[in-house]
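What follows is a short report on a single structure.
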Amino acid sequence: MNTPLKKRHITKQEINQLPMRQYEGEIVLCRTPEEARDAALLLQKERLLGFDTETRPAFRRGERYDPSLLQLAGEKVVYLFQIQQTGLIPELLEILSSREILKAGVAIDRDITELEAMTPFDSNGFVELAGYAEQNQIKNLGLRGMAALLFGFRISKREQVSNWARKELTPSQLVYAATDAWLGRKIYLYFEENGLI
């Protein structure tokens, strides 16, 4: 059990002095509909998933792209779905529509809207962690700030604007993407264990 919150805000300067940390567990990259189906069937057995997406950045006015990567973090493995290649297959849509499987992340409204624009589905079971943070007077509502405040480490945002539409993602991109989803799950569990939900 984690200790209840002692402080509700951490400055950028304080965050930058913390040790760096990243997800160190197993990462499974799904590039084909078959790989995605196998992974989704395993994920359907989970109660709680960390959730995030990555989209190729747009640098020109009016330019936009569909999400390239869907990240779902289970208890032991983070699955990364290259959805430009796998598609949002029915087994994934089942997870995204399930009320029984919670999907926790930060600033997820846009992610959900963009996924629904690709393939319509009824989104259920999504948990916006910034909402719980606000309810508990936490001032840092981003993933990086919450990780620093709750766990005492900082995460790298170096890959944030890298090209997520590449067919071959770099090891650094894989770890960055997995870390974001892993943290969504970890923060939800912290709130739950400390009675903040």
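Keeping to pairs on different chains or 8 or more places apart, tell me how many lysine pairs in the chain have Cα atoms under 25 Å apart.
Counting lysine pairs in the chain gives 21.
Could you run the Karplus curve 6.51 cos²θ - 1.76 cosθ + 1.60 with θ = phi - 60° over segment 113-119 and give me ³J(HN,Hα) per residue in whole Hz, x for Gly and Pro?
Per-residue couplings from phi come out as 4, 5, 5, 5, 5, 6, 9 Hz.
List the GluC sites (Glu not before Pro) in segment 1-102 that DSSP assigns to loop (not H, G, I, E or B) and whose Cβ has at most 16 other Cβ atoms within 10 Å. Which are they?
24, 63, 75, 100
Under 1.5 on a/c is rounded, so check that first for the chain, then, if it is not, pick prolate when a/b is larger than b/c and oblate when it is not; a ≥ b ≥ c are the square roots of the alpha carbon gyration tensor eigenvalues.
Note, shape of the chain comes out prolate.
For helix 171-193, what angle does its Cα long axis make with the longest principal axis of the chain, in degrees from 0 to 90 and rounded to 10?
50 degrees
With +1 on each Lys and Arg Cβ and -1 on each Asp and Glu Cβ, and nothing else charged, work out how big the dipole of segment 4-101 is about its Cα centre, in Debye to the nearest 20.
That gives a dipole near 700 debye.
Quick one: which residues, 5 or more positions from residue 55 or on another chain, have an amide H under 5 Å from its amide H? H modelled 1.01 Å from N in the peptide plane, none for Pro or chain starts.
68
Could you list which residues have their amide H under 5 Å from that of residue 154, counting only those 5 or more apart in sequence or on another chain, with H placed in the peptide plane?
20, 21
Give, rounded to the nearest 20 debye, the magnitude of the charge dipole that segment 67-114 has about its Cα centre when Lys and Arg contribute +1 at Cβ and Asp and Glu contribute -1 at Cβ.
80 debye
Which FRET efficiency value, to the nearest 0.05, is calculated for residue 18 and residue 55 with the Förster distance at 35 angstrom and r the Cβ-Cβ distance?
Between residue 18 and residue 55 the formula returns 0.80.
What ranking do 59, 51, 191, 126 get, fewest neighbouring Cβ atoms within 10 angstrom at the top?
The most exposed by this proxy come first: 59, 126, 191, 51.
Skipping prolines and chain starts, which residues have an amide H placed within reach, meaning under 5 Å, of the one on residue 30, given they are 5 or more residues away or on another chain?
Under 5 Å from the amide H of residue 30 lie the amide H atoms of 80, 81, 82, each far enough along the sequence or on another chain.
Mind listing the phi-derived Karplus ³J(HN,Hα) values for segment 134-148, rounded to whole Hz, using 6.51, -1.76 and 1.60 with θ = phi - 60°, and x for any glycine or proline?
3J(HN,Hα) across segment 134-148, in whole Hz: 4, 4, 9, 6, 7, 8, 8, 9, x, 4, 4, x, 5, 4, 5.
With charges set only on the Cβ (+1 for Lys and Arg, -1 for Asp and Glu), what does the dipole of segment 86-178 come to about its Cα centre, in debye to the nearest 20?
600 debye
Rule-based calculations on the coordinates, nothing more; no lab input. Since we're looking at a predicted model, the values are computed, not measured. Backbone-built Cβ (ideal geometry, glycine too); neighbour counts: all protein chains shown.
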